[in-house]
Amino acid sequence: MAENKINISAILTGIAIPLILILLIFVLAVYVNPGGSHTLLGADVIAVILTSGFAEMIILGIPLVLGLLWNKWAGGAAGFIMGGMYYVASAGHYNGLFGTMMGLNYYGDISMLFWIVYGVVIGYMAGALSNGSTNFKRMLGAGLTASIIISVIKAYLNVTVSLEIGRQMAIDSWAQDPVLAVVTNFVPLIALGVIVPILAKVMTWYGLQPQKHAGY
């Protein structure tokens with residue numbers, strides 16, 4: 001059996017890329033996070049997009065990419081798992097911040113519980129619309145459509161059915177600075193709807209996609 005020699009490509013993928021990821025997470029945690037020790041960018045909107053928005057993109061990006069590359073069922077199932085994890089973690093986080101002090105139970109917040117629905121819908125919808133096609137325009141259309149629909153539903157629920165403190169903050173943001181509200185509510189997921197299809201298309205070039213079976 002031929003020896004699998006280390007080459008430049010192996011070094012790049014095995015060492016350089018993980019180090020870049022570590023650096024990126026460090027910058028986000030220390031310099032961009034609104035509660036961090038530094039304020040490098042000096043703009044809350046950028047900080048929100050690159051922290052909360054980035055987390056949302058990861059949670060919804062996994063079911064979206066599986067829906068595009070595999071099928072609607074895989075996307076929906078991944079969305080249920082990722083959305084469920086985000087719901088449990090976020091509700092617990094906000095209960096720790098506000099629950100004891102204000103007597104709120106974020107596990108009962110329908111706008112937060114709906115993260116399970118967001119994950120299922122974005123993965124299932126993207127998979128159904130693309131229907132296994134690797135045509136980039138169709139993948140892009142499916143990704144953007146699913147992402148924008150989820151953005152609209154999420155923004156609507158935040159100002160209608162979320163717990164009082166969150167609902168008032170959402171209403172105030174739209175009333176005081178509509179442009180900022182549009183950016184923070186829609187830019188992260190619109191970006192996701194563009195980035196994930198590009199990533200999925202590149203993965204198809206290298207055969208990095210699940211094996212598809214007839215009937216799916």
Margin query: Students often check this: by mean Cβ neighbours within 10 Å, which of 194-201, 75-82, 7-14, 163-170 ranks highest, and how do the rest follow?
Written below: 75-82, 194-201, 163-170, 7-14
Notebook entry, point to check: HN-Hα J couplings of segment 138-146 from phi, Karplus 6.51/-1.76/1.60, θ = phi - 60°, integer Hz, Gly and Pro as x?
Noted result: 5, 5, 5, x, 5, x, 5, 4, 4
Item checked: Relative packing of 91-104, 148-161, which averages over residues the other C-beta atoms within 10 Å, highest first -> 148-161, 91-104
Margin query: Residue by residue through segment 55-64, what is 3J(HN,Hα) from phi via Karplus (6.51 cos²θ - 1.76 cosθ + 1.60, θ = phi - 60°)? Round to whole Hz and write x for glycine and proline.
Written below: 4, 4, 5, 5, 4, 8, x, 5, x, 5
Next item on the list: Would you calculate the separation in nanometres between label points at TRP174 and PHE26, each defined as 7 Å from the Cα along the Cα-to-beta-carbon direction?
Entry: 4.2
Next item on the list: For MET102 paired with THR160, estimate the spin-label separation in nm (one decimal), with each label point 7 Å from Cα along the Cα-to-Cβ line.
Entry: 2.1
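No lab work stands behind these numbers, since they all come straight from the coordinates. Given the structure is predicted, the values throughout are model-derived calculations rather than measurements. Because the Cβ atoms are built from the backbone with ideal geometry, glycine has one as well, and the counts that use them run over all protein chains shown.
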